[in-house]
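This report refers to the structure that appears directly beneath it.
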Amino acid sequence: MGLSTAAAGDGAQLCVFDLRRGQQEGQELDKILFFHPADCPILLQLSVIGLCEGIVTFTRIFSPVEDCEVIESEKHSHIFYQAEPDIWMVLVVEKTKDNELTWRCGALQGILKEAHSLFAMFHGPIRTLLDRQPSAELARGHLRTFLTDYLSDFHAGKKLQFPTYRDCLKERGTVQMLTVSREVALEVQSLTTVLGSCLGNTTCQSLVLFEDLLVSTTLPPDDTLNLYTYAVLRLTPRALSSNASSWSYLRKGTSVNAGPTSSSSNGTTAGERPLLREKLSKGKDGFVAADFATTEVRGAVPLTPILWFQQAEERMYLCIYQHKSLTILLLIPASSLINGEEGIAHVKKQMLENASQKIVTVEQKLTRGWGGENAYHVAGYRYLLVDPDRRISRASPPGKVTTLAKDSLLALNRLRQEVDLEKSRYKRSDPCHDNDFEVCIRTKSNAWVIAKITRGRELYMALEKGGETLLYASTAVEKFSNRYCEGAFSTD
Amino acid sequence: LFAGRGGRGTGGEGREDRGTGTASGGAEGSFAAMDPPNPNPNPNPTDAQPQAAAGARLAALSLRGGRDLPPDFHTAEIHEHRTDDDDDDDDDEGYLTAASRGGSSTCAWKEAPEGLRDDDKDGDDVSPPSPSSSGYAGERGSSLDDDPEPEPDPEPAQDWPRDKKHLDEDDASSSWRKRKKHFFILSNSGKPIYSRYGDEHKLAGFSATLQAIISFVENSGDHIKFVRAGKHQIVFLVKGPIYLVCISCTEESYEGLRGQLELMYGQLLLILTKSVNRCFEKNPKFDMAPLLGGTDAVFLSLIHAFSWNPATFLHAYTCLPLAQSTRQAASAVLQDVADSGVLFALLMCDHKVISLVGAQKATLHPDDILLLANFILSSESFRTSESFSPICLPRYNPMAFLYAYVHFFDEHTYLTLLTTRSDAFYDLKDPRARIQNVLMKSNVLIEVQRSLRESALHVEDLPTDPSSQSASQPPQSSRDMSSQSLSFEMIGGPAGLWHFIYKSIYLDQYVSSEFPSCISNQKQQKRLYKAYQKLYASMHDKATGPQKTQFRRGEDYVLFCWITQDFELYAAFNPLADKTQAIKMCNRVCQWVRDLENEIFVYGESALSCTIIVGEVYEGLGFVTFSQKRYSFSFPP
């Protein structure tokens, strides 16, 4: 019994366990807070978690501060993420021989981070849930529904399929921004001001999205990222439509419609299962809300989800309004609403009264300036730009990336893996200092794969027609940097 | 999870002290009365022992009479390694002591005070624990098959703890945990075989944990490759019943560390052959550690090589630069000997090959040369007399022993004759004398000494214009052009070139330049080698490589790599170097190396060949380069 059989059924496993629990012999099962697939035999679950715990303990002998990140074996990768002190999330993925399933450790760890951040946004930290109810039923219940819904996005047929080397020009955990003209920016600014004053004395926060791209935010970067991620997963027009043919910078390729996820969906609300796809829809009033027609038990659970924003350190109600391609996420501080749903209804009304016209204008102007899904394509280049400090990225449209040869993608994926290690090395040696770094590789099939880090900003690129010499490739990067990155990656 | 953890205290049981076994054989000299665990190539394994014993006695005589080493020779040797910087990522101090330990053999009888330390209570402690006369030699080697678990020594000698191998440490000590690079060898039952730091006895529990991790994954039909936690990497290598593990925070690549474990395993095979596996088949709890008794110095020297010797990752060997005629003279006399039943004849100067001749179609893998040279150079006793020792060349035939006749002509230069015959010692004495005679008469040994002093490649000497006269100047010119090189010395070579390694793919040989003054200390040199290692791993990725070119600009260097079907070039520049200029320099280095290739490479193992350069334009970096076509001529023509 072991790893190969463990992952055979699904191709992947995801587990969450708490090392503070089940310390007595025979009580090991108590450690497990979540295990996917749920029908995995208990002994197998214990064996996976046993190995993970063993390795976590073992690596601490030598590396007491830095966490175990990965166990790499011939047939599997175990990706570790310590989400909260002593609460670990481990993703086990199975490899195939044809290297079609070559991934990047950092990309898979990004999934765990994203899942945990979203979970914490809706349900608060896992440790808090465990403290609230030491039997862990509450935490297990929330984790089960939430992570199952979250994983539904990765289902390809019966198996879970995670990002591979083919996704090496994407960066999870970043926001994709829409570039707007100065005139439109002023309109958006004015809209944001109106949205902010919907509650009168207390300022409301807001996010404005066009298609799957962020137009404006008043939240700090981490909170923006979480809410943006949720919006792109479930709330934007593309996410809402069951039609998977529409595009997304973030999801295209891996996004598959979730089927009915579990039979236990009765009696839940958006507050409890925020990622349950089929519950969300746009109403006639333009507000997106969970469909409660079938819900019988509501009890004390509020209709509108309350989110916990770690960076802003505030709990807020989320109202979602949609007009054509424009999605507005309005956040109302929970502390300022005494009368719950009634108060929200009032805010909604205020918003429609004050902002409707502006919303229509902004939507029209954005649509007019919008270049479509290939708006950010640069002919001849396949690129990814990341600004980790601002949690922003921009990339070649997925449809264009697929034109790259397998060799180029594999080489770029490998290069990114190297850069990830180099980045963490720099971070350890001097966290305050930005280290510039540049690698250009001419692959055996004559493509250029390039990584360049300048003042903390990252550029990854594959050029299949980049010319034959290094100088030619360097010039291509220079041109790109000057024209599209305000010279951020230029040598001079 | 790990049932074995803590509970498997059996790992260290039955461990013998490595020094004790050497008492009889070692003191007499370095004619190793070794009997291989599986003397495959030996036609009369049963005869080997008495013969060897007789040989040992005789060799002992020759040892005392046959050598005249300068009295301070060993001290010098130790100092050479002591320049190592302990602050560096990879602490090497263990090696120093090992070298001195290995050297204690000779020191023990040459300089009595060395051997007579406080804790040397037993007289036999002064015996030389050299590999060629090590614990498993003769008396123990033969018992391998019959008695897989030797009796523990009733009176373990106390001489090892005095060494600075941190034998007082174990996995509970924080100093041990903080060591930058651990190497472990253990058996699949969890018995410790080797640890770079700490006493293997005390690491039995730790060893059992490692075994539990590996076996847990193995049992599921999978094989664990590595675990990473921050800057720490734990790399595993399973070789049948033998497990090798490296725990490192030196931030080397997985491929690099795995390659190092492969070499550790190769070194183990060189000493024992792969037939040691049979012992595990007979008795899974077989304790292998005593078989490696006294070979600590060999492993420590190899581990040290990982941070200074590019051969460990390039899989190529390097040659001592010599005038073509000098090398031809050496090759000719080796060739003569090769015809008289020697499988390989190697003339080497430290780690550099002077000449190499193989019988018929036999070829020597660069890794075998590395491991063999490491074995010989890390064992002081080889230096003290002509020696005859069973060794296995893992790449040539991992199952069988060959016999190495080793003789040092001077401090650095030594001859190795490899034969399949275990009784060839006396037959090889004459050829050796003949070779020595010719080498003396034809001034080869003097030329070797001169080359050692003078003929390194200095980036400062890189011809400024490929077409200029200086292009064909021999590398010795660095000393003549001292005034010119002085101006470069502060910044390295032209266009900020600091260093390069050029590997000829056809020849499996590399040449590297000397370090410039800006990379003068060992710490900087190690860092550069690690950067090269990473570059090598990046270029030779299994799934996507080999790539064609790579340019890498970091905080410390600009690195270039350029791989064609003929050669691989690795070059390091000042981090501010200009790309265009750097490319030009790479091109110039390639041209320079080709101009000098008759002096810096050995052509042909059993035949001399000459290289004809055919002009050809490569795309690559935009260089114009040349491909080498080799045409062989038998020598002498």
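Given the peptides A:85-91, B:529-535, arrange them by the average over their residues of other C-beta atoms within 10 Å, most packed first.
Those peptides, ordered most packed to least, come out B:529-535, A:85-91.
Long-range amide H contacts for A:LEU280: which residues qualify at under 5 Å (H placed 1.01 Å from N, peptide plane, sequence gap of 5 or more or a different chain)?
A:ASP291
Compute the separation of the alpha-carbon centres of the range A:390-430 and the range A:56-108 and state it in Å as a whole number.
Between the Cα centres of the range A:390-430 and the range A:56-108 lies a distance of 19 Å.
With every protein chain left in place, what is the accessible area per residue of the range B:264-373 in square angstrom, probe 1.4 Å?
25 Å²
Ballpark to the nearest 100 Å², how much total accessible area do B and A bury together, probe 1.4 Å?
4900 Å²
When you look at the Cβ of every residue in A:48-61, what mean number of other chain Cβ atoms sits within 10 Å?
The per-residue average across the peptide is 5.
Ignoring any ligand, DNA or RNA, what whole percent of the accessible area of chain A comes from carbon and sulfur when the probe is 1.4 angstrom?
51 percent
Quick one: if the Förster radius is 25 Å, what FRET efficiency do B:GLN565 and A:LYS465 give, using the C-beta to C-beta distance and rounding to 0.05?
0.60
Along Cα→Cβ, 7 Å out, is where each label goes; now give me the distance between the ones at B:ASN283 and B:THR464 in nm to one decimal.
7.2 nm
If you count, for every residue in A:429-441, the Cβ atoms of partner chains within 10 Å of its Cβ, what is the mean?
4
Place a +1 charge on the Cβ of each Lys and Arg in the range A:3-165 and a -1 charge on the Cβ of each Asp and Glu, then give the dipole magnitude about the Cα centre in debye, rounded to the nearest 20.
Value, rounded to 20: 140 debye.
For chain A, what is the charge dipole size about the Cα centre, in debye to the nearest 20, if Lys and Arg each add +1 at the Cβ and Asp and Glu each add -1 at the Cβ?
So the dipole magnitude of chain A works out to roughly 1140 debye.
Among A:PRO333, A:VAL93, A:PHE210, pick out the residue whose Cα is farthest towards the positive end of the charge dipole of chain A, where Lys and Arg carry +1 and Asp and Glu carry -1 on C-beta, about the Cα centre.
Among A:PRO333, A:VAL93, A:PHE210, the one farthest towards the positive end of the dipole of chain A is A:PHE210.
Apply the Karplus curve 6.51 cos²θ - 1.76 cosθ + 1.60, θ = phi - 60°, to the phi angles in the range B:512-525 and return the couplings in whole Hz, x for Gly and Pro.
10, 7, 6, 7, x, 5, 6, 10, 8, 8, 4, 4, 5, 5
Work out from phi, with θ = phi - 60° and the Karplus expression 6.51 cos²θ - 1.76 cosθ + 1.60, the ³J(HN,Hα) of each residue of the range A:326-334, listed in order in whole Hz, and give x for Gly and Pro.
Result, ordered by residue: 9, 10, 10, 9, 9, 10, 10, x, 5 Hz.
Averaged across the residues of A:405-417, what count of C-beta atoms belonging to other chains lies within 10 Å of each residue's C-beta?
Per residue, the number of nearby Cβ atoms from other chains is 2 on average.
Which is farthest toward the positive dipole end of the range B:509-603 among B:PHE567, B:ALA537, B:ASN587, measuring Cα position about the Cα centre, with Cβ charges +1 (Lys, Arg) and -1 (Asp, Glu)?
B:ALA537
Which of the residue pairs A:LYS400/A:LYS465; A:LYS324/A:LYS348; A:LYS113/A:LYS279 have a Cα-Cα distance greater than 21 Å in the structure shown?
Listed pairs above 21 Å: A:LYS113/A:LYS279.
So what are the ³J(HN,Hα) numbers for the range B:383-394, from phi and the Karplus equation (6.51, -1.76, 1.60; θ = phi - 60°), rounded to whole Hz, Gly and Pro as x?
6, 8, 6, 5, 10, 9, 9, x, 9, 10, 9, x
Quick one: if the Förster radius is 41 Å, what FRET efficiency do A:ALA379 and A:GLU100 give, using the C-beta to C-beta distance and rounding to 0.05?
0.90
Pull up all non-local amide H partners of A:PHE34: gap of 5 or more, or a different chain, and H-to-H distance under 5 Å with H placed in the peptide plane.
Long-range HN contacts for A:PHE34: A:VAL16.
With each pseudo-label sitting 7 Å past Cα toward Cβ, what's the B:TYR254-B:TYR426 distance in nm, one decimal?
Between B:TYR254 and B:TYR426, the label points sit 5.6 nm apart.
Collect residues whose amide H, placed 1.01 Å from N in the peptide plane, falls under 5 Å from the amide H of A:VAL70; neighbours closer than 5 in sequence don't count.
Result for A:VAL70 returns A:PHE80, B:ARG228.
Pick out, from A:VAL401, A:LEU385, A:SER429, the residue whose Cα sits farthest towards the positive end of the charge dipole of chain A, with +1 on the Cβ of Lys and Arg and -1 on the Cβ of Asp and Glu.
Of the options given, the answer is A:VAL401.
Accessible surface of A:SER190 in the full protein assembly, 1.4 angstrom probe, to the nearest 10 Å²?
40 Å²
Pop a pseudo-label 7 angstrom from the Cα along the beta-carbon direction at both B:ASP336 and A:LYS444 and give the gap in nm to one decimal.
4.6 nm
So, R0 is 51 Å and r is the distance between the beta-carbons of A:GLU84 and A:THR193; what FRET efficiency does that work out to, to 0.05?
0.85
Find how much the distance from A:GLU25 to A:THR491 grows on full extension, using 0.36 nm per residue of separation minus their present alpha carbon separation; answer in nm with one decimal.
161.7 nm
For the pairs A:LYS95/B:LYS202; A:LYS31/A:LYS159; B:LYS180/B:LYS584; A:LYS358/A:LYS452; A:LYS158/A:LYS282; B:LYS274/B:LYS523, note any where the Cα-Cα span goes beyond 31 Å.
Distance filter (> 31 Å) returns A:LYS95/B:LYS202; B:LYS180/B:LYS584; A:LYS358/A:LYS452; B:LYS274/B:LYS523.
The values are calculated or read from the model by the stated rules, or taken from the named source; none is laboratory data. None of these values were measured; they are calculated from a predicted model. A quick note on method: Cβ atoms are made from the backbone with ideal geometry, for glycine too, and the neighbour counts reach across all protein chains shown. Just the protein is used for accessible areas: all its heavy atoms, side chains included, with ligands, DNA and RNA removed. Shrake-Rupley method; radii C 1.70, N 1.55, O 1.52, S 1.80 Å.
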